[in-house]
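What follows is a single structure, written as structure tokens, with notes after it.
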Amino acid sequence: MAGACMKIAIIGAGNVGSALARALARAGHAITLGVRDSAAVTALSAETGAQVLAPAEAALAAEVVVLSLPWGAAEGVARSLGQLGGRIVIDCMNPLVRTDGRLALDRGHTTSGAETLAGWLTGARLVKTLNQVGAEVMERNDRMAHRPAMFMAGDDAGAKATVSGLLADLGFEPFDAGDLVQARILEPMALVWINQALVRGKGRNWAFAALPNP
Ligand SMILES: NC(=O)c1ccc[n+]([C@@H]2O[C@H](COP(=O)([O-])OP(=O)(O)OC[C@H]3O[C@@H](n4cnc5c(N)ncnc54)[C@H](OP(=O)(O)O)[C@@H]3O)[C@@H](O)[C@H]2O)c1
């Protein structure tokens with residue numbers, strides 16, 4: 001682990017939440033799972049040593065809160081977290097909708113999922129990231145030919161410095177894309193990934209990388 005052990009709450013323990021719980025626990029961080037059904041995460045909790053709490057309690061117990069929920073559940077859960085007291089919140093979510101049989105974003109040019117989420121949270125230092133690749137690559141990428149890139153956007157430089165360390169712990173090369181408004185360019189990257197992975201047949205085990213041309 002590059003940085004100190006952090007207390008990280010993961011709200012929503014599906015594909016992304018469980019992948020991040022495993023990888024961040026392996027990197028030495030203390031995980032709390034914030035879930036509505038504790039029985040569903042018994043095995044994950046045992047595997048990662050994670051504490052299991054309701055979402056709002058998990059957030060209060062943590063320094064960093066990861067939101068890995070379906071977009072449709074995000075508003076209700078985000079509002080239920082209450083005053084976050086300056087905690088860092090990582091938004092992994094993509095505002096996906098199915099339009100004419102295709103996956104698309106339900107907003108993007110004049111706002112983003114992350115900017116919308118910011119309006120549902122109180123006292124959060126919000127960082128958009130970990131939305132650009134599949135959960136498998138978040139969980140394990142040490143056998144990839146190149147270090148995968150991961151972009152982040154947020155308004156708080158201190159929060160981005162902390163998140164940058166966590167991205168490095170997860171094996172990514174972190175890139176600062178700028179303020180939270182830049183989530184508008186990071187959320188479409190998820191559609192590029194999904195299109196290649198699931199529509200064009202590339203499969204799920206690949207990621208974007210930044211290759212220098214010396
Ligand atoms: N899958 C990927 O590879 C991937 C990659 C990048 C970004 N993302 C984004 O990450 C987010 C999560 O995706 P996912 O694939 O991990 O979804 P998922 O497997 O469906 O997991 C979602 C989790 O959220 C929980 N949840 C749903 N409603 C809840 C509520 N009201 N209160 C508390 N927990 C609730 C579910 O718990 P229950 O079991 O109780 O329903 C489940 O554990 C999405 O926004 C997606 O766009 C996904």
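The values are calculated or read from the model by the stated rules, or taken from the named source; none is laboratory data. Note that the structure is predicted; figures quoted are calculated from it, not measured. Glycine gets a Cβ as well: all are built from the backbone with ideal geometry, and neighbour counts include every protein chain shown. Note: areas computed on protein heavy atoms with side chains; ligands, DNA, RNA excluded. Shrake-Rupley method; radii C 1.70, N 1.55, O 1.52, S 1.80 Å.
Quick notes on this structure:
- Summed side-chain charge close to Arg22 - residues other than Arg22 whose Cβ falls under 15 Å, Lys, Arg +1, Asp, Glu -1: -3
- Relative contact order (%) - criterion: Cα under 8 Å, at least six apart; region: the chain: 19
- Of all DSSP bridge pairs formed entirely within the chain, close to 20 percent run antiparallel.
- Two-site label geometry, Lys7 and Ala145: point separation in nm, points 7 Å out along Cα→Cβ: 4.4
- The coefficient of translational diffusion for the stretch 7-199, derived via Stokes-Einstein from the alpha carbon Kirkwood radius under 4 °C and 1.567 mPa s, stands at 78 µm²/s.
- Of interest is the spacing of the C-alpha centroids, which for the stretch 155-187 and the stretch 1-53 amounts to 20 Å.
- Accessible area of the chain belonging to carbon and sulfur atoms, whole % at 1.4 Å probe: 51
- Partner lysines whose Cα lies under 22 Å from the Cα of Lys128, excluding those fewer than 8 positions away in the same chain, are identified as Lys7, Lys160.
- Highest mean first, the peptides 97-106, 117-126, 59-68 sorted by other C-beta atoms within 10 Å per residue fall in the order 59-68, 117-126, 97-106.
- Label zone of Asp155 (point 7 Å out along Cα→Cβ, amide N under 14 Å): in the stretch 103-144 this covers 112, 114-128.
- Under 17 Å from Lys202, Cα to Cα: aspartates and glutamates that are on another chain or at least 8 residues apart: Glu136
- Once the 1.4 Å probe is applied to the protein heavy atoms, the chain comes out at 46 Å² accessible per residue.
- Using the average count of surrounding beta-carbon atoms within 10 Å as a protection proxy, the listed peptides 181-187, 24-30 rank, highest first, as 181-187, 24-30.
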